[in-house]
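Some notes on the structure that comes next.
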Amino acid sequence: MATSRSKILLFRPSQKEIRPAYPQLDPVVQFQQVVRLRSRPPFNLLRATTRIGAVNKCIQRIQRGVALMPWHITPPKEDRQKPGAIERAIEIERSLRVPNYEINQNNYTKYIFAIVKDLLTLGVASVQRMPGGGDVLENGKKRCFFAFCVDAAKVDYNPDWQGDPEEARYLYRVDSSTLESVADEEMFPIQLDSSSYEMVPPSPVEVAFPYVLSLLSLNNFQHNTTSKSSAKYILDIGDVSQGELNSFREYWETSVEIDGKMPIAAGKGIMKVLTLGAASDGELFLGWTEFLLRMISQPFGLTPKDLGHEQFTYATAGVSADASYQEGVVPIAHILNEHENTGLIGYYEPGFTKQYADTEKRTEEQEATRATTLFEKNLATRNEMRLAVGLEPIGPAGDKFADGMTLQGDSQTATPLQQPQKKNDTKNEANV
């Protein structure tokens, strides 16, 4: 077994002096120490935790899942037949697609990534809102609002707020000595969880924090045990004088380590080799590593398969992916959607709502088949199904079912839409 020249240890210990060269792991005690902490981990420590590989992977899995979910803006049911309702819905959608012009949040994906990361890390996100102010988007569409995800760690609630939307409900900490007042109409919070006994319950990162500490301790032990710079063994050459020990050390360093000669030694006693560190994979606690990864992924609603640290077959991979999507991605998307509808879209455009086209993982072909089936069975209108597959609505004419009925329950056409078209028709209006 090769070893580093600078780390070879040669001495004559008694059995009482021999101690393990690696730290003893006591994760139960370590966990209890963390749980007994009177104060919760500070925000800067939680954010530093997101740089750990396993935690970062969990956050990115949920960020991408939420950002990729198809959505659309729906007008109020009573206004869908009114001129301009669909156009206004398109303007709201364009405003949310480009929520602001900041370089780190100038599109919907970046904006959602910032909110989701704060929710998973801090348990709360803060969104600053502003009216569009006459800003014009692409194709001459009027901007409805601006939205910015600000640093939630710097936002405090104003205990003196009396309910006036124009008064300061929040205090934004610019630096250690400066607080900036923020009116209720300028900001709204998004909370991941709620309880009756604390303002902000623990976030998934905070729940996983004790297990992250144990994983770091275990990784440090594994690194030190397998590192080339660590001593792999100790040679016990028996009861020899200091001069004989020095001569043996010089021989070993020059002849064995430098010249690579076969070590041959003779002495009064029997030479013993004491192995340091782990002698097998079992002594590296790989099973304990998998357990910690499972405990880290659970608060996020994910599994070790999402972290790439568990064996799976093609039969179980799809089931695991669907479960992670439904338990990890969809709940975050619903929380975000509810707060956006009340605090942003509904605040500036009452009655308009953001809706996810689907909360199930489907391919484009499966989505098109589902949309066609729902339309043909008179369970959804043409506009609803066009939105579900990512197409823009076609106006009031699209708010009809396949049998010609409208959302109000009356028929506005003499010929139902599902009847065969004339031969000279070049477009089948029944298609979605």
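Values quoted throughout were computed directly from the atomic coordinates according to the rules given, and no laboratory measurement underlies them. The structure presented is a predicted model; accordingly, all values stated were derived computationally and were not measured. Note: ideal-geometry Cβ built from the backbone for every residue, glycine included; neighbour counts use all protein chains shown.
Between residue 136 and residue 151, how many nm apart are label points set 7 Å from Cα along the C-beta direction?
Spacing of the two 7 Å Cα→Cβ label points: 3.7 nm.
What is the distance in Å between the Cα centres of the range 63-81 and the range 144-179?
Computed from Cα coordinates, the inter-centre distance equals 28 Å.
Using the per-residue mean of other Cβ atoms lying within 10 Å as a proxy for protection, in what order, highest first, do the peptides 199-212, 81-94, 243-256 fall? Present the calculation step by step, with values, prior to reporting the outcome.
Details: 199-212: 20.2, 81-94: 17.4, 243-256: 13.8.
Answer by packing, highest mean first, reads 199-212, 81-94, 243-256.
Give me the one-decimal nm value for the distance between modelled label points at residue 45 and residue 366, 7 Å along each residue's Cα-to-Cβ direction.
Calculated label separation equals 4.3 nm.
Can you list residues whose amide H is under 5 Å from residue 169's amide H, if they're 5+ apart or on another chain and H is modeled 1.01 Å from N?
182, 183, 184
By average Cβ neighbour count within 10 Å, what is the ranking of 47-53, 157-163, 115-121 from highest down? Please report the intermediate quantities before stating the final value.
On the way: 47-53: 14.4, 157-163: 10.1, 115-121: 24.6.
So the peptides 47-53, 157-163, 115-121, ranked by packing, come out 115-121, 47-53, 157-163.
For the pairs 110/154; 57/154; 82/377; 82/110; 377/400, note any where the Cα-Cα span goes beyond 22 Å. Walk me through the numbers on the way to the answer.
Working: 110/154 20 Å; 57/154 25 Å; 82/377 26 Å; 82/110 34 Å; 377/400 12 Å.
Too far apart for the 22 Å limit: 57/154; 82/377; 82/110.
Gain in length, residue 97 to residue 179, computed as 0.36 nm per residue apart minus the alpha-carbon separation, to one decimal in nm? Before the final figure, lay out the partial values.
On the way: separation 82, 0.36 × 82 = 29.52 nm, distance 3.12 nm.
Length difference between fully extended and current span is 26.4 nm.
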